[in-house]
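Before any comments, here is the structure.
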Amino acid sequence: MPTKTQGRKSDHIKICLEENVQHCHATTGFEDIYFVHKALPEIERSKVNLTTTAFDHKFSVPLMVEAMTGGIVDAMKINSAIASAVEELGLGMGVGSQRAAIEKQSLEKTFAIARKKAPTAFLIANIGGPQLVKGYGVKEAKKAVDMMNADALAIHLNALQEVVQPEGETSFKGVLNKIGEISQALDVPVIVKETGAGVAAEEAKLIASMGVAGIDIAGVGGTSWAAVEYHRAKKKHDELHQGLGNVFWDWGIPTAISLVETSQSVSTTIIASGGIRTGIDVAKALSLGANLAGMAHPILFAATKGPREVRKTLQVAIEGLKNAMFLVGAESVLDLREIPLVMTGKTAEWLKMRGFQPEIYARRGRSNAD
């Protein structure tokens, strides 16, 4: 008999594949950010180096497949396809919340398949912040890591989804201290990740103060979990939560803005996700201070068709990143941090109002002759 958690997971995958769950009017903010094209790159494209090191792991490309699923039979095929592709490409991946497998041991295989298919890739286990308040602790965190021999643990924050979800768990009081306890107790890095509403400078500082190894900002511009819950409520004829999902569909901090606020406020490792769709998006994220970029929604669609399709989708992004680096004269990922960027529009306005200086990015990379 499927548990309630399994039922929700099944709903989520089906809705993400069949319904419009992207933000309607809100965007990532990357459309306000421009690279300054170099007509004379003075480098060889073939020598552009995409390798990077994060969390003491060497990545062939600074790219992750974000946490999506697990805990249901259908998830096994998805996680298997993703893991096979990231192993071949030298990337990393996260899995969805492991609550279902912690509740029901027979479901561990839907997560363990990731390590079976990706013996050397960087894998991130996953538990939810709300569950920490309701009793989860170091024991459950270790169980999540052990069931898939993960390299790191993500603790996800999904306050927006919980307030829209009919069964939502909306007690977050005490989550921060629990994060600190787990971060101190685990032998693997702990990453705190948002789920599509972004991280502001104030929260980034609080999270970093708990000794975590990384923050996944997961900003606005990609999948809206309020939209996912809107569709769930609609199918159940729950007009109240359908209405709430509609109202909060675009709630949150755009990815580019969240990335600047976080990268200028803390020194921890940062994963940029939330509407990352192309290699240019990845390049912009890295240039703004991210150590890794994460993709999800396009990979979910690809994963339903198998590892070859996942690999093709990721390779398009990888080649796009390499081209963008060539066109701005960046031979390495670190070089992107010195490449000038011009910020305009709402992104620049927001950052100025919040006390940041978007103009400093445009002044990078000038020679002494300038």
Could you look through region 311-342, keep only residues that are in a helix (DSSP H, G or I) and in contact with a Pro (Cβ under 7 Å, 6 or more places away or on another chain), and pick out the one that is nearest to residue 296 (Cα to Cα)? 313
Residue 175 out of contact with any strand residue (DSSP E or B) (no Cβ under 6 Å at 6 or more places or on another chain) and in contact (Cβ under 8 Å) with a residue 60 or more places away in the chain: no
Here is a check on your reading of the model: is residue 278 hydroxyl-bearing (Ser, Thr, Tyr), modelled with pLDDT of 95 or more and surrounded by fewer than 18 Cβ atoms within 10 Å (Cβ to Cβ)? yes
Could you check, for region 301-308, whether at least one of its residues is in contact with a strand residue (DSSP E or B) (Cβ under 6 Å, 6 or more places away or on another chain), outside any helix (DSSP H, G or I) and either surrounded by fewer than 19 Cβ atoms within 10 Å (Cβ to Cβ) or at pLDDT below 95 (or both)? no
Do you know which of the residues in region 155-175 that are in a loop (DSSP other than H, G, I, E, B) and acidic (Asp, Glu) is surrounded by the fewest Cβ atoms within 10 Å (Cβ to Cβ)? 167
With the condition kept exactly as written, say whether any residue in region 257-269 is in contact with a strand residue (DSSP E or B) (Cβ under 6 Å, 6 or more places away or on another chain), among the aliphatic types (A, V, I, L, M) and assigned to a strand (DSSP E or B). no
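Here's a check for you: in region 176-203, which residue that is of a type in the set (S, T, N, Q) and closer than 21 Å to residue 122 by Cβ is surrounded by the most Cβ atoms within 10 Å (Cβ to Cβ)? I'd like the intermediate steps shown before the answer.
Of all residues in region 176-203, those of a type in the set (S, T, N, Q) come to 177, 183-184, 195.
Cutting the leftovers down to closer than 21 Å to residue 122 by Cβ gives us 183, 195.
On the way: 183: 20, 195: 25.
So the residue we want is 195.
Per-residue answers, yes or no, for (1) in contact with a helix residue (DSSP H, G or I) (Cβ under 6 Å, 6 or more places away or on another chain); (2) not aromatic (Phe, Trp, Tyr):
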{"position": "271", "(1), (2)": "no, yes"}
{"position": "286", "(1), (2)": "yes, yes"}
{"position": "291", "(1), (2)": "no, yes"}
{"position": "304", "(1), (2)": "no, yes"}
{"position": "345", "(1), (2)": "yes, yes"}
{"position": "350", "(1), (2)": "yes, no"}
{"position": "358", "(1), (2)": "yes, yes"}
{"position": "363", "(1), (2)": "no, yes"}
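Examine region 334-354 for a residue that is under 19 Å from residue 89 (Cβ atoms) and surrounded by 15 or more Cβ atoms within 10 Å (Cβ to Cβ), and state whether such a residue exists. Full working, then the answer.
Taking region 334-354 as the starting set, the residues that turn out to be under 19 Å from residue 89 (Cβ atoms) are none.
Within region 334-354 (the criterion being under 19 Å from residue 89 (Cβ atoms) and surrounded by 15 or more Cβ atoms within 10 Å (Cβ to Cβ)), the answer is no, since none of the residues qualifies.
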Select the helices (runs of 4 or more DSSP H) contained entirely in region 176-247, then report the ones holding at least 1 residues which are polar (S, T, N, Q) and either under 23 Å from residue 260 (Cβ atoms) or within 17 Å of the chain's Cα centre (by Cα) (or both). 201-209
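Quickly run through region 21-55 and pick out the residues that are farther than 16 Å from residue 331 by Cβ and in contact with a helix residue (DSSP H, G or I) (Cβ under 7 Å, 6 or more places away or on another chain).
Of the residues in region 21-55, the ones farther than 16 Å from residue 331 by Cβ are 21-34, 36-37, 39, 53-55.
Answer for region 21-55, where residues must be farther than 16 Å from residue 331 by Cβ and in contact with a helix residue (DSSP H, G or I) (Cβ under 7 Å, 6 or more places away or on another chain): 21, 28, 29, 30, 32, 33, 37.
The values are calculated or read from the model by the stated rules, or taken from the named source; none is laboratory data. Keep in mind it's a predicted model, so treat the numbers as computed, not measured. Cβ coordinates were reconstructed from backbone atoms using ideal geometry, including for glycine residues, and neighbour counts include every protein chain displayed.
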